[in-house]
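*Asks:* Can you read through this structure? Questions will come right after.
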Amino acid sequence: MEEQPRGRRLFYGWWIVAVSFIVLMLHTGAAFYSFSRFLPTLVGAFGSTTAAIAGVASVYMLVAGLVSPVIGKLSDMYSPRLVISVGAVLAGGALMLVGAATQVWHLYALYVLVGVGFSAAGFVPVNVVLSNWFVRRRGLAVGIANVGMSLGAALLAPLVGFLIDGIGWRMAFVTLGVLTVVLVTPATMLVMRTKPEDKGLLPDGVAAVEVAEASQMPDLAGATGADDPGWTLSGAVRTLGFWMLMVAFFLTGLVIAGVLQNEVNFLTIMGIPMVMATFALGFTGGIGGLGKLVFGFVADKLGPRYTALLCFTLQLVGVVVLFMTRSPAMVWVFVFVYGFAMGGNVTMQPLLTAQLYGISSFGAIFGWMALAGAVGSALGPVIGGAIYDVSGSYSIAFIVFIAVYAVAIGAVLLARKPKPRGGDAAT
């Protein structure tokens with residue numbers, strides 16, 4: 001068995017990456033980032049409070065996270081292609097119906113459906129497929145796909161502003177729903193395949209002949225998974241590493257959301273003009289796209305665990321810089337360091353999970369990791385804002401966030417690849 005020779009057509013796995021890029025672009029852009037632009041318009045349209053309308057986004061994040069373990073299990077049991085396609089239709093249809101909402105509770109009810117839909121057409125099933133198609137270049141593949149999240153923020157939020165001004169907020173929601181269904185469903189059904197064996201290939205572009213032969217070749221054993229039986233969910237939950245990863249992803253999600261949602265308020269309080277503070281927030285998220293790609297590439301060289309330690313340490317340094325910020329120049333140091341580092345967070349989650357527990361039950365296991373990150377992300381902004389309300393300063397919040405990162409780093413250090421026991425490994 002040999003690698004595909006140079007000059008032959010592009011490895012099919014990269015088409016999987018391209019479709020995953022599109023799925024994640026809509027996953028984050030159509031529901032999460034675009035809602036920030038809808039917020040002031042909806043407050044005026046429904047005559048409601050900002051808190052009441054903003055709560056819709058929180059419900060969306062919580063629902064998407066809570067159903068992640070179920071979506072992961074379904075992705076293992078059935079074709080992720082089917083899961084993603086059904087999810088896109090559900091999310092897109094719900095977004096279209098938002099355009100007909102007349103009461104605030106309509107928004108909440110419909111965004112529950114959006115959350116379920118985009119959990120299915122999103123992070124968990126995409127990473128199930130990518131983890132099957134890539135091993136040695138898994139970090140790069142996951143990193144490239146995750147850049148779609150950043151592009152979703154950069155493209156769809158401004159698009160929503162243009163649509164609201166041009167055709168109104170109701171038709172803007174309808175347009176987002178149509179884009180979700182039209183861009184995600186056909187591409188997924190036509191291109192997405194669960195495993196490279198479905199196309200007569202092995203991971204990373206190895207031409208398939210006999211899997212039995214591959215298991216006897218040391219240089220390809222890792223690519224075929226022959227040396228990694230993987231873990232069942234029931235076996236994984238009995239290991240320390242499972243809980244340490246959940247702690248790490250919960251805590252890093254908490255701080256990232258807490259920092260980003262309070263960034264503009266902190267900067268304006270210290271005297272930074274609103275326009276500059278808003279631009280700084282946008283650039284923080286934008287440079288995260290570079291971090292997603294770079295940390296994925298580095299993970300293929302250093303391994304996911306060491307790369308995650310580097311990623312989380314740089315995030316800690318970024319918060320320290322923000323804590324010490326007293327000038328516009330320091331703001332941009334924070335933006336670059338923290339934006340770059342926090343971008344790697346979503347890339348490291350599937351890579352660390354696959355490194356410790358293999359891919360046999362990856363969806364079921366990773367669903368719980370996604371849940372931990374989502375719950376942390378929902379709590380972070382509230383915790384940061386509450387500390388500010390009580391103390392009158394963000395200083396204590398930043399100290400707490402720094403301590404939280406230290407605990408997350410310790411959790412990754414404790415999260416080592418466990419040794420399978422009888423019945424724990426998937427067969």
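*Asks:* Can you give me the ranges of the helices (runs of 4 or more DSSP H) entirely in the stretch 1-107 with at least 3 residues that are in contact with a strand residue (DSSP E or B) (Cβ under 9 Å, 6 or more places away or on another chain) and within 30 Å of residue 199 (Cβ to Cβ)?
*Replies:* none
*Asks:* Looking only at the stretch 286-317, which residues are surrounded by fewer than 21 Cβ atoms within 10 Å (Cβ to Cβ), in a helix (DSSP H, G or I) and of a type in the set (Gly, Ala, Ser)?
*Replies:* Matches in the stretch 286-317: 286 only.
*Asks:* From the set of residues in the stretch 232-271 that are among the β-branched types (Val, Ile, Thr) and open to solvent by 10 Å² or more (accessible area, probe 1.4 Å), which is modelled with the lowest pLDDT?
*Replies:* Here the residue is 264.
*Asks:* What number of residues in the stretch 174-184 are open to solvent by less than 30 Å² (accessible area, probe 1.4 Å) and β-branched (Val, Ile, Thr)?
*Replies:* Within the stretch 174-184, residues that are open to solvent by less than 30 Å² (accessible area, probe 1.4 Å) and β-branched (Val, Ile, Thr) number 2.
Conditions tested, residue by residue: (1) within 23 Å of residue 18 (Cα to Cα); (2) at pLDDT 90 or above; (3) touching a strand residue (DSSP E or B) at 6+ places or on another chain (Cβ under 6 Å).
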residue	(1), (2), (3)
312	no, yes, no
346	yes, no, no
369	no, yes, no
389	no, no, no
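*Asks:* Go through (1) at pLDDT 50 or above; (2) farther than 27 Å from residue 32 by Cα; (3) surrounded by fewer than 16 Cβ atoms within 10 Å (Cβ to Cβ) for residue 171 and report which single condition fails.
*Replies:* Single failed check for residue 171: (2).
*Asks:* Now for a separate question. Can you find a residue in the stretch 296-310 that is under 18 Å from residue 154 (Cβ atoms) and not β-branched (Val, Ile, Thr)?
*Replies:* So far as the stretch 296-310 goes, no, none of its residues is under 18 Å from residue 154 (Cβ atoms) and not β-branched (Val, Ile, Thr).
*Asks:* When the residues of the stretch 389-420 are narrowed to those that are touching a residue at least 60 places away in the same chain (Cβ under 8 Å) and open to solvent by 60 Å² or more (accessible area, probe 1.4 Å), which ends up farthest from residue 241 (Cα to Cα)?
*Replies:* My answer is 399.
The values are calculated or read from the model by the stated rules, or taken from the named source; none is laboratory data. Please read all numbers here as calculations on a predicted model, not as lab measurements. Ideal geometry is used to build each Cβ from the backbone, glycine not excepted, and the neighbour counts take in all protein chains shown. Keep in mind that these areas ignore ligands, DNA and RNA; they rest on the heavy atoms of the full protein, side chains included. Shrake-Rupley method; radii C 1.70, N 1.55, O 1.52, S 1.80 Å.
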